[in-house]
Amino acid sequence: MMDYSASRRRAEAAEAGLELTEPVSLASIQAHLEESNGRAIIIKPIQGTPTDKVCGLWFGLDDVDLILHAPAASEVHRQQIVLHEFAHIILRHEQEDLSNDYAKVFFPDLAPGRVVSALKRTDFFDELEVTAEILADRLASRIRRSNPRPDAQPGNFGAIFG
């Protein structure tokens with residue numbers, strides 16, 4: 001049985017440790033992570049993933065971090081997928097070494113050896129995934145509080161979710 005309170009505590013501590021300055025946005029979190037980790041982060045949509053279960057992927061290339069996301073129904077959904085991958089970076093979840101065959105599935109045109117690691121998931125309800133999603137939710141909440149939308153009235157779900 002998973003201890004959700006421990007995951008919440010880890011996510012809260014990770015958020016506090018970021019020391020983000022207001023206003024917080026997806027771009028400002030990305031810039032903060034790039035600065036603190038000394039690596040660029042590239043975010044790109046991916047079409048035709050090998051499995052329909054893929055929402056987001058974090059790959060460590062030899063010189064950058066690459067986040068790929070499935071097409072999203074709205075900008076808010078896209079942001080949540082990217083924030084979840086950012087959360088794995090923030091929480092320093094370990095990536096696994098990748099075989100050239102696995103890398104070719106996602107990067108058929110990239111030279112072997114450029115894609116060196118990835119966070120591969122086998123269970124979406126394990127502690128790492130739950131903690132990452134809690135942190136992503138907390139970051140999304142910070143973004144919403146930093147950038148209030150005047151048209152986002154209670155019950156105005158179209159303005160909130162696109």
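Values quoted throughout were computed directly from the atomic coordinates according to the rules given, and no laboratory measurement underlies them. Note that the structure is a prediction, hence the values are computed from the model and not measured. Cβ coordinates were reconstructed from backbone atoms using ideal geometry, including for glycine residues, and neighbour counts include every protein chain displayed.
Pairing residues of region 131-146 that are more than 19 Å from MET2 (Cα to Cα) with residues that are of a type in the set (A, V, I, L, M, F, W, C), at Cβ distances under 6 Å and at least 6 apart in sequence or on separate chains, gives ARG138/ALA11; LEU139/LEU83; ALA140/LEU83; ARG142/VAL24; ILE143/VAL24; SER146/VAL24. Taken over region 8-40, the residue count meeting the criterion of being within 17 Å of the chain's Cα centre (by Cα), within 16 Å of ILE143 (Cα to Cα), surrounded by fewer than 17 Cβ atoms within 10 Å (Cβ to Cβ) and not aliphatic (A, V, I, L, M) is 3.
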